[in-house]
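The values are calculated or read from the model by the stated rules, or taken from the named source; none is laboratory data. The structure presented is a predicted model; accordingly, all values stated were derived computationally and were not measured. Neighbour counts are summed over all protein chains in view; Cβ atoms, including those assigned to glycine, are modelled from backbone coordinates with ideal geometry. These accessible areas exclude ligands, DNA and RNA; they are computed on the full protein's heavy atoms, side chains included. Shrake-Rupley method; radii C 1.70, N 1.55, O 1.52, S 1.80 Å.
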Amino acid sequence: MKIHPLITTTEALTELCDRLAKADFVTVDTEFMRENTYWPELCLVQIADDKEAAAIDPLAPGIDLKPLLDLMCDNEDVLKIFHAGGQDVEIIYNLTGKTPHPIFDTQIAMMAVSQSEQIGYSNLVESWLGLSIDKGARFTDWSRRPLTERQIEYAIGDVTHLSKIFPKLLKRLIKTGRGAWLDIEMEKLADPDNYRADMETVWQKIRAPSRNPAVLGRLKALAAWREREAMDKNIPRGRIMRDETLADIASHPPRDQADLAKVRGLSSGWKENDIGRRLMQVIADAKPLTEAEMPPKTPRGAPLGKEGALVADLLKLLLKIRSREIDIAARLLARTDDLELLAAGQRKNLAILEGWRFDQFGRDALELVEGKLAFAVVNGKLKMAHIDNIADRDDAAAEVAEVVVHIDE
C-alpha cells in the first residue's frame, strides 16, 4: 500500500479524493481535541482504500477540505468505514450539516457477528491481524505543530489496518446472513438527528430533580440557555454550569440576582455580571411543562420495586442465553434500560419490540413476562423452553432437570 506524505494543500487533497472517489470503500479516522471547546477541533484526518493511504492536515494554512467533505457526504458509490465512528461522524456533521453516507462501523459489525461488547480498535487489530498497536502517541496533543513522523505513522495505521480488516469482517458478516440487521443499525448511525443540538430535548439528559411541571419547565429553559451560551463561547457546557448546579437552580430558583452568589457551584461574580442577568431572565420567562411535555411516569432507570427488579433480572438472564445461542453481543440485542421498562409494564417505544430485535429476542422476552416461557437446565446448560412444551415432555427424559419460573404467579 502506498503511504503519501502529509497532505497540506488543497491541490494534493483534490487529487487524492479524485482517486478515492473510484474506490469501493474508504476507511476513515480523525484526531481531534475537545477538552477546552464546545465544538471539537479537527486536527487530522486519515483516509485509505486498499491501495493508498494518507493523513490530511486540516490546520494547514489555506487548505480547503471541500473535496474530502464532498467524498464523505455526497458520493453514494463509496462506502465509508469507521471504527466506533460516532464522534468522527459528529465532526463531519458540524462542518457540513450532513453525515457520511453510506457508512459502516466495524465496532457495531463485530457486535453482530460475535459476543464482543464494544471491542476497542487495538483489540480488533490484534484479533484479526495478529498485530499489536503502538499506543505511545495515543494521548498526544494533535493540535500542536509540527506533527512528528511517529505521530503521523501512528495515525495512518488506524486506517491501513482497517482497510485489511474490513474485507475479512464482511465475509464473516455475509456468512451469518445478518447484513439486513447491520443496514438498520448503520442508518441509525448516519441519522443527522443524532448530531443536531435540539434545544427542546437537551434537558432530558440531566437528572430530573422532580416531576413538578414548574421545576421541569425551568430545567428545560435553563438547559437550552446553557447550551446556547456554551456554543456562543465555544467552551464545554460544564464550564458554564455543572448539571448538579443547574438542577439545583431549577428546584430552588433564586429570588434575585444577588442570591446567585449563594448558589453552590457559582462564583460570587454571578450576582452582578451579564451572564447572571441573562440567567435570571431565563428563570423569569420559564413556563411549566404542559401535560404533553411531561416525561413518562416510569422514566429510564426508575426503581422497579422488588418484584419488578426480579423480573428485570430474569430478562437479563434470558438475554445472556439468547446472546450465547446466536453469538451476538448482548448490548446490540437489547439495552438494560429497555429490559427494565419492559419489566415495569411498558410495551411501546421499545427497540426490543421492533424489527429484527423482536424476532430474535423481544418475542421471547414478552412471553417470559407473561408467564409463557421458562428456563430449563438441559445437559448442564441453561436454555429457554415454552411452558406447553415442558408440560408435554416425556417423563422418560430423566437426564433433563427442569426449572420452571412462572412470572405471573
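Considering only residues that are open to solvent by less than 40 Å² (accessible area, probe 1.4 Å), assigned to a loop (DSSP other than H, G, I, E, B) and either in contact with a Phe, Trp or Tyr (Cβ under 9 Å, 6 or more places away or on another chain) or not β-branched (Val, Ile, Thr) (or both), which ones fall in the stretch 24-42?
38, 40
Looking at the stretch 72-85, which of its residues are out of contact with any Pro (no Cβ under 7 Å at 6 or more places or on another chain), open to solvent by 10 Å² or more (accessible area, probe 1.4 Å) and either of a type in the set (A, V, I, L, M, F, W, C) or at pLDDT below 95 (or both)?
Step one: of the stretch 72-85, the residues out of contact with any Pro (no Cβ under 7 Å at 6 or more places or on another chain) are 74-75, 77-78, 81-85.
Narrowing the set further to residues that are open to solvent by 10 Å² or more (accessible area, probe 1.4 Å) leaves 74-75, 77, 83-84.
Listed by number, the list holds a single entry, 84.
Right, residue 352: under 30 Å from residue 225 (Cα atoms) and open to solvent by less than 30 Å² (accessible area, probe 1.4 Å) or not? Let's see the steps before the verdict.
Working: under 30 Å from residue 225 (Cα atoms): no; open to solvent by less than 30 Å² (accessible area, probe 1.4 Å): yes.
No: the conditions fail for residue 352.
So residue 238 clears everything in (1) free of Cβ contacts under 8 Å to residues at least 24 places away in the same chain; (2) open to solvent by 60 Å² or more (accessible area, probe 1.4 Å) except one condition, right? Which one?
Against the list (1) free of Cβ contacts under 8 Å to residues at least 24 places away in the same chain; (2) open to solvent by 60 Å² or more (accessible area, probe 1.4 Å), residue 238 comes up short only on (2).
This table checks each residue for (1) open to solvent by less than 20 Å² (accessible area, probe 1.4 Å); (2) in contact (Cβ under 8 Å) with a residue 24 or more places away in the chain; (3) under 22 Å from the mean Cα position of the chain (by Cα).
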position	(1), (2), (3)
208	no, yes, yes
213	no, yes, no
216	yes, yes, no
219	yes, yes, no
233	no, yes, no
244	no, no, no
255	no, no, no
283	no, yes, no
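Name the residues in the stretch 366-380 that are over 12 Å from residue 311 (Cα atoms) and aliphatic (A, V, I, L, M), would you?
Answer for the stretch 366-380, where residues must be over 12 Å from residue 311 (Cα atoms) and aliphatic (A, V, I, L, M): 373, 374, 376, 377, 378.
Does residue 297 satisfy the criteria of being at pLDDT 95 or above and closer than 24 Å to residue 199 by Cα?
Working: at pLDDT 95 or above: no; closer than 24 Å to residue 199 by Cα: yes.
Taking the combined requirement at face value, the residue does not satisfy it.
Any idea which of (1) open to solvent by 90 Å² or more (accessible area, probe 1.4 Å); (2) within 23 Å of residue 290 (Cβ to Cβ) is the one residue 226 doesn't satisfy?
Failing condition for residue 226: (1).
Give the number of residues within the stretch 63-87 that are in contact (Cβ under 8 Å) with a residue 60 or more places away in the chain and part of a loop (DSSP other than H, G, I, E, B).
So the count comes out to 2.
Among what's in the stretch 161-206 and is without any contact (Cβ under 8 Å) to a residue 24 or more places away in the chain and among the small types (Gly, Ala, Ser), pick the residue that is most open to solvent (accessible area, probe 1.4 Å).
177
Condition check ((1) modelled with pLDDT under 95; (2) in a loop (DSSP other than H, G, I, E, B); (3) open to solvent by 60 Å² or more (accessible area, probe 1.4 Å); (4) closer than 30 Å to residue 236 by Cβ) across all residues:
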{"position": "5", "(1), (2), (3), (4)": "no, yes, yes, no"}
{"position": "14", "(1), (2), (3), (4)": "no, no, no, no"}
{"position": "22", "(1), (2), (3), (4)": "no, yes, yes, no"}
{"position": "61", "(1), (2), (3), (4)": "no, yes, yes, yes"}
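When you scan the stretch 344-389, how many residues do you find that are of a type in the set (S, T, N, Q) and part of a helix (DSSP H, G or I)?
Filtering the stretch 344-389 for residues of a type in the set (S, T, N, Q) gives 346, 349, 360, 379, 389.
Now restrict to residues that are part of a helix (DSSP H, G or I): 360, 389.
Of the residues in that region, 2 qualify.
Enumerate the helices (runs of 4 or more DSSP H) found wholly within the stretch 304-343, keeping only those where 1 or more residues are loosely packed, with under 15 Cβ neighbours inside 10 Å. Steps first, answer last, please.
Details: elements: 305-326, 330-333, 336-343.
Helices (runs of 4 or more DSSP H) meeting the threshold: 305-326, 336-343.
For the stretch 106-146, name all the residues that are open to solvent by 50 Å² or more (accessible area, probe 1.4 Å) and in contact with an Asp or Glu (Cβ under 7 Å, 6 or more places away or on another chain).
Answer for the stretch 106-146, where residues must be open to solvent by 50 Å² or more (accessible area, probe 1.4 Å) and in contact with an Asp or Glu (Cβ under 7 Å, 6 or more places away or on another chain): 115, 132.
Is it the case, given these coordinates, that residue 368 is touching an Asp or Glu at 6+ places or on another chain (Cβ under 9 Å) and touching a residue at least 40 places away in the same chain (Cβ under 8 Å)?
Values: touching an Asp or Glu at 6+ places or on another chain (Cβ under 9 Å): no; touching a residue at least 40 places away in the same chain (Cβ under 8 Å): yes.
For residue 368, the condition - touching an Asp or Glu at 6+ places or on another chain (Cβ under 9 Å) and touching a residue at least 40 places away in the same chain (Cβ under 8 Å) - is not met.
Suppose we keep only residues that are assigned to a loop (DSSP other than H, G, I, E, B) and not charged (D, E, K, R) within the stretch 43-59. Which one would you say is surrounded by the most Cβ atoms within 10 Å (Cβ to Cβ)? Full working, then the answer.
Initially, the stretch 43-59 is screened for residues assigned to a loop (DSSP other than H, G, I, E, B), giving 49-51, 57-59.
Of the ones still in play, those that are also not charged (D, E, K, R) are 58-59.
Working: 58: 21, 59: 15.
Per the stated criteria, the residue is 58.
If you go through the stretch 97-105 one residue at a time, do you hit one that is buried (at least 18 other Cβ atoms within 10 Å of the Cβ), under 20 Å from the mean Cα position of the chain (by Cα), at pLDDT 95 or above and under 30 Å from residue 321 (Cα atoms)? Spell out how you get there, then give the answer.
At the first step, the residues of the stretch 97-105 found to be buried (at least 18 other Cβ atoms within 10 Å of the Cβ) are 99-101, 103-105.
Within this subset, residues satisfying the condition of being under 20 Å from the mean Cα position of the chain (by Cα) are 99-101, 103-105.
Now restrict to residues that are at pLDDT 95 or above: 99-101, 103-105.
Adding the requirement that they be under 30 Å from residue 321 (Cα atoms) leaves 104-105.
Looking for residues that are buried (at least 18 other Cβ atoms within 10 Å of the Cβ), under 20 Å from the mean Cα position of the chain (by Cα), at pLDDT 95 or above and under 30 Å from residue 321 (Cα atoms), one finds at least one in the stretch 97-105, hence yes.
Across the stretch 56-84, what is the number of residues that are out of contact with any helix residue (DSSP H, G or I) (no Cβ under 7 Å at 6 or more places or on another chain) and farther than 22 Å from residue 6 by Cβ?
Residues meeting the conditions: 5.
I'd like the full set of residues that are open to solvent by less than 100 Å² (accessible area, probe 1.4 Å) and farther than 16 Å from residue 214 by Cα, limited to the stretch 266-281.
Hits for the stretch 266-281 are 266, 267, 268, 269, 270, 271, 273, 274, 275, 276, 278, 279.
Report every pair of residues separated by at least 6 positions or lying on different chains whose Cβ atoms are under 6 Å apart, first residue within the stretch 324-342 and over 13 Å from residue 362 (Cβ atoms), second open to solvent by 20 Å² or more (accessible area, probe 1.4 Å) and among the hydroxyl-bearing types (Ser, Thr, Tyr).
Within 6 Å, the pairs are 329/116.
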